[in-house]
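Data first, discussion second: the structure below is written as structure tokens.
The values are calculated or read from the model by the stated rules, or taken from the named source; none is laboratory data. Just so it is clear, the model here is predicted, and its values are computed rather than measured. Here Cβ is always computed from backbone atoms with ideal geometry, including for glycine, and neighbour counts include all displayed protein chains. Surface accessibility is based on the protein's heavy atoms, side chains included, excluding ligands, DNA and RNA. Shrake-Rupley method; radii C 1.70, N 1.55, O 1.52, S 1.80 Å.
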Amino acid sequence: MAVNEFSRSVDMGIRLSKRVYYGKDSPSPSRSAPKPPSMEKSLSTSSSASSIRMPQNHHPTSPMAYAVINEPLFVENPDIRSYQPYIYGRCDPPALIPLHMVGVTMEVDCYLDTAFVTVSGVWRLHCVSSTTLCDCRIAIPMGEQGLVLGVEVDTTTRSYFTQLITPEDEKNDIERETKKDGFLMKGNTYTFQISQVEGGSNIHVNARFSQKLLYQDHNFCLIVPFTFPPHVFPVFKKDYSCTEKILLNVNSGSCTSITCNNASHPLKELNRQAGQFAFLYEAGVIKWSSQDFYFSYSVCSNEIFGGMLLQPPSLHDYDQRDMFCFYLFPGNNQNIKPFRKEVVFVIDISGSMRDDPLEKTKDEIIGSLWKLNEGDSFNIIASNENIKSFSSSLNLVTQGMITTAIEWMNTNLIANGGTNLMLPLKQAIDMVGRTSDSIPFIFLITDGSVEDEREICNMVKGHIVDGELNSPRICTFGIGSYCNQYFLQMLANIGRGHYDSAYDVDLISIRIRQLIDNATSPLFSNVTLDALQNLESYEIFPFRIPDLLSESPLIVSGRFKGSFPDIVEARGLLADLSTHVIDVKVSKANDMPLEMVCARREVGILTAQAWLDQNTELEEKVSKMSLQRGVPCEYTRMILVQHDNLKQAIKSDPPDEKYTKLKNEKITYLMNLNFGFGNLIATVENLPPRNEELKLSGPPGKVVQAASSCWIMFVDRFCCRCMIQACSKINSQCSIAMTQLCAALACFPCAECCCEMCYSCAEMCLCLFM
């Protein structure tokens, strides 16, 4: 679903929640439901009905649960009958009322650059009468590169849990009807629905997900969404506190001492060892956390340092080879000389890149040009059916040359036509690498897929020379969900570069900036591990070791047969082209689930390789790895299994549900957990980039939508003193006109002429009543 639709549904739900009566001794209403945002009319926009009121952004910034309201008349306090006025009509799409949360616990385990987060929360369905069953929607916002690993939900009558299955399992039940649910909003918030919860009962949710630690200013930074809106704190007749708890465990993977720098919440140290520590925050609160959980730490070293972690496989591991994980950290040395760089930007200017995608891309490329150093060189290539080059060769960085390039971009980078990637990439590769004292970088930015992606990968393979400094580093960036993320990832792996993406247009700028800034700051190039050659056999991910960057640690993993020495030499080049050797200590990863830490990286790399080779055996290997480690992939499906604990008090037959072999279990297929392999049809049709998301409901009828909107907003204002204040400001002529209009609409309830204007009229009236 669109984020605006979600926000509008929550906004409507918050207004509906004002119907809930908490009794005479209840605290001020501001605690139970927020006041609508203030609205000020602008003289320049007063003529536009759509500009009178902009919907407030209600995108979840913490774990949330919502009541899905189709029938407004069911909104009621399950404990106290309030006898609110009857509301006609339906909410389509359904309104989402944020539920009161009565407790939350978050446990975070950090290993190397990966964090595993488990959030346990309890919500009460406080806004539906106790004799009514109501569907509820759960939202799980995640941090950097978040991925849902599993969910468990318990209600009074039902329990839910997630499970990964293979396509073969799916085929066994092909004759039965299936239900699909779940969608990803803004690339970082996963939401799904549970059915038929009793009014007044509690919902227990346990969600697990993984995310990446950011590396900023030589610090590892953890940011987990934990900002709760004030209206989700329960309403009590007397002052009462709820428990908020955070448990943090950090294992840096190194025996080097680590320093804790900043924390958003007051943490108490529980345990500390070399390279490890544990913290706890627990408090009784009268309002939930109003800021995200932030924590940063640094590994104390001025120079580049690293380690090699080894771990035997588990008894049930399908791959009985030993595991290894090699890492290098940049250190805190600020005086390292930068490499000379050759930078070529290859920009897709097809018609689908029109407006924000292309404009944001141009802005970030312009910013990156000004960050290049003296002695660096650059060029810009734009492509659709045709190819436009700023210059036929690389240009040395000067202020005048950058200014000329900006003028050229503003004139020539116009989005139109189709997508072509092969020819501009060939031209870029032929343009770089002619000197032996600089590192070439090629940045490919696109929002679409092309038919010859495998041919492009094979072409790039033929131009890559292992171990050479002047072999181009290819960095790729995908916009939206129509590009083939595994093609872009494979290109980056082949070229020892880096890959990133933005599923939401609002994230394009920051993610392109991070990619370019990180990729163009190498510290240690052409990294090799001599000890690998002395093993009986090994498999490494990625198969080409990338450079160590100043703003990102280098982590590679794999499987091996044989034995490593106690010290491994990591060999590479510094910016002065001298060979540098780093002694890396080999140790056992006793307190770290190494297979889980490396799981997502390895699954992604192997999926890209399986796509390139069209190898079914490799696909099966990825599927086994996904099932064993609990990480979703393209060759498995995550399902939500529903188990009925008790016989339902109210007969219900929800549609689109699939029964398993057990009669009291049903399953739902969760969508949008993986990237997919692109969309050629959408690319050919030049559809603008977007994340394919499910709708809360089907397309509503105009009369139903208009009637429900007007009635809800009218009754919401009619039942409060705002209505009296509004009426006092209306003159007699306006009152007569409104009375006549209402009488006319009452005589002709099906008149189509009011359908198009109904929502705008409701918005206008809302502004008047405010």
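Structure values in brief
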| item | result |
| --- | --- |
| Solution diffusion estimate, µm²/s, Stokes-Einstein, the stretch 409-462, Kirkwood Rh from C-alpha pairs, 25 °C, viscosity 0.890 mPa s | 186 µm²/s |
| The stretch 541-643 - convex hull of the alpha-carbon atoms, volume per residue in Å³ | 178 Å³ |
| Spin-label model distance (nm) - LYS561 vs GLU303, 7 Å beyond Cα toward Cβ | 3.7 nm |
| 5 angstrom amide H check on THR114, placed H, neighbours 5+ away | LEU213 |
| Sites SER241 and LEU680, calculated FRET efficiency, Cβ-Cβ separation with R0 45 Å, nearest 0.05 | 0.20 |
| Normalised alpha carbon radius of gyration of the stretch 310-448 [divisor 2.2 N^0.38 Å] | 1.39 |
| Relative packing of peptides 134-145, 588-599, 365-376 - highest average C-beta neighbours within 10 Å first | 134-145, 588-599, 365-376 |
| Flagged links, alpha-carbon separation over 25 Å, of LYS171/LYS624; LYS461/LYS561; LYS18/LYS179 | LYS461/LYS561; LYS18/LYS179 |
| 5 angstrom amide H check on PHE226, placed H, neighbours 5+ away | ASP292, PHE293 |
| Cα centroid separation - the stretch 95-146 against the stretch 209-263, whole Å | 15 Å |
| Area projected by the alpha carbon convex hull of the stretch 455-577, averaged over all directions, nm² | 9.0 nm² |
| Euclidean distance of C-alpha centroids, the stretch 405-444 and the stretch 320-347, integer Å | 23 Å |
| The stretch 217-229 - phi-based ³J(HN,Hα) in whole Hz, Karplus 6.51/-1.76/1.60, Gly and Pro as x | 6, 6, 10, 7, 10, 10, 10, 10, x, 8, 9, 8, x |
| Taking the convex hull of Cα positions in the stretch 75-224, its mean projected area over all directions (nm²) | 12.8 nm² |
| 5 angstrom amide H check on GLY199, placed H, neighbours 5+ away | THR132, CYS134 |
| Given charges at beta-carbon only (K, R positive; D, E negative), |dipole| of the stretch 364-521 in Debye | 180 debye |
| Protection proxy ranking of 396-405, 433-442 - average other beta-carbon atoms within 10 Å, highest first | 433-442, 396-405 |
| Burial ranking of peptide ranges 285-291, 501-507 (average Cβ count within 10 Å, highest at the top) | 501-507, 285-291 |
| Orientation-averaged projected area, Cα convex hull of the stretch 149-231 (nm²) | 9.2 nm² |
| Heavy-atom accessible surface of the stretch 275-389: percent carbon and sulfur, 1.4 Å | 47 percent |
| Whole-number percent relative contact order across the stretch 339-408, with pairs defined as alpha carbons under 8 Å at least 6 apart | 37 percent |
| Note, ³J(HN,Hα) from phi for the stretch 614-624, Karplus 6.51, -1.76, 1.60, rounded to Hz, x at Gly and Pro | 6, 9, 5, 5, 5, 4, 5, 5, 5, 4, 4 |
